[in-house]
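Notes follow once the structure below has been shown.
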Amino acid sequence: MENQMRIITALLALAPALAWAGPFDGTWVTDVKTLTQTGTPDSYLVANGMFTCDLCYPGLKIKADGSDQKVTGHAYYDTASAKVLDKQRVFMTTHAAGKLMAERTFTVAADGNTMIEEFVSYDGVKPTKGKFSYNRVAPAPAGAHALSGSWQQQAAASTFSSDLLTVTYAESSDGLKMTSPTGQSYDAKFDGKEYLTAGDVGKTMVSLKRVNAKTIQETDTRGGTVTDVIVFKVSGDGKSMSVVDDDKIHGNKVTFTANKKTT
């Protein structure tokens, strides 16, 4: 939902906005099979009645008793809860200003080597769902819950609601508008300034840079901290777009291909 772009050419600089057509114009759908994620694995510890998430930003440590607990410094929630359902499953929720923001269920396979995270997100105009698939890369400490240890996401094996995979761009002679079915949008210029992403609880600010006619770089910040640097490049035939998202907060890099939707 944070992947935006557009292109400006001198020949059309004086054309009306509605007449503008560039390589990023249109609706794009992520091809999940092309998703890859590399970098720092997710790390959890569930032991001694506590739930710890090292890769959460900032790190999260709360009681694993199912109670809603106040936390600070998180862009998308101000309370969190965690509950051990059984020896293989943990359930987690987050809220912001009393509103339910997300539900997450972590289920570790019986052999302990793989894990599925099912989520429902409520931070948009309607709930969206998905599943992340993980492989274990570090074992759980002795006596800890099966979720404990480190996990590397297998992005291509994950599934998501279609709304999370779709974004629409509308180009003008000097800027780009982005809209998402989940309710986020922005209207940004290529002037080096930051623009607010409307509908985003985390208040992500976006700045755009045109690299060349078919390549755009987006820099996202929250609270003055750079969170992501994303590069979008449209293919020569204009039918697909490669995306590389360098997640500065979590130390991960996500790559995928999006295809232009045809009517």
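The values are calculated or read from the model by the stated rules, or taken from the named source; none is laboratory data. Quantities reported herein were computed from a predicted structural model and do not represent experimental measurements. A quick note on method: Cβ atoms are made from the backbone with ideal geometry, for glycine too, and the neighbour counts reach across all protein chains shown. Protein only, heavy atoms only, side chains kept; ligands, DNA and RNA dropped before computing areas. Shrake-Rupley method; radii C 1.70, N 1.55, O 1.52, S 1.80 Å.
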Out of Lys193, Lys209, Lys203, sole residue that is out of contact with any helix residue (DSSP H, G or I) (no Cβ under 9 Å at 6 or more places or on another chain), farther than 21 Å from Leu55 by Cα and outside any strand (DSSP E or B): Lys193
Selection count where residues are closer than 30 Å to Thr262 by Cβ, among the polar types (S, T, N, Q) and touching a Lys or Arg at 6+ places or on another chain (Cβ under 9 Å), scope the stretch 134-177: 6
Positions within the stretch 62-88 being without any contact (Cβ under 8 Å) to a residue 12 or more places away in the chain and among the charged types (D, E, K, R), in sequence order: Lys70, Asp86
Single residue of the stretch 211-235 satisfying the filter (among the polar types (S, T, N, Q) and open to solvent by less than 40 Å² (accessible area, probe 1.4 Å)) that is nearest to Thr38 (Cα to Cα): Thr227
Residues located in the stretch 197-245, provided they are within 22 Å of Lys260 (Cα to Cα) and among the polar types (S, T, N, Q): Asn212, Thr215, Gln217, Ser235, Ser240, Ser242
In the stretch 72-88, the residues that are touching a Ser or Thr at 6+ places or on another chain (Cβ under 9 Å), buried (at least 17 other Cβ atoms within 10 Å of the Cβ) and either in a strand (DSSP E or B) or among the β-branched types (Val, Ile, Thr) (or both): Thr79, Ala80, Ser81, Ala82
Residue under evaluation Met5, criteria (1) part of a loop (DSSP other than H, G, I, E, B); (2) over 24 Å from Thr221 (Cα atoms); (3) modelled with pLDDT under 95, criterion not met: (2)
Residues located in the stretch 236-260, provided they are open to solvent by 30 Å² or more (accessible area, probe 1.4 Å) and either farther than 19 Å from Gly39 by Cα or more than 13 Å from the chain's Cα centre (by Cα) (or both): Gly236, Asp237, Lys239, Ser240, Ser242, Gly251, Thr257, Asn259, Lys260
Of residues in the stretch 89-102 being farther than 24 Å from Met115 by Cβ and without any contact (Cβ under 8 Å) to a residue 24 or more places away in the chain, the one least open to solvent (accessible area, probe 1.4 Å): Gly98
Residue satisfying all of: in the stretch 96-110; in a strand (DSSP E or B) and either modelled with pLDDT under 95 or farther than 14 Å from Pro127 by Cα (or both); farthest from the chain's Cα centre (by Cα) among these: Val108
Members of the stretch 43-59 found to be out of contact with any Cys (no Cβ under 8 Å at 6 or more places or on another chain), touching a residue at least 40 places away in the same chain (Cβ under 8 Å), open to solvent by less than 40 Å² (accessible area, probe 1.4 Å) and not in a loop (DSSP other than H, G, I, E, B), listed by number: Val46, Ala47, Phe51
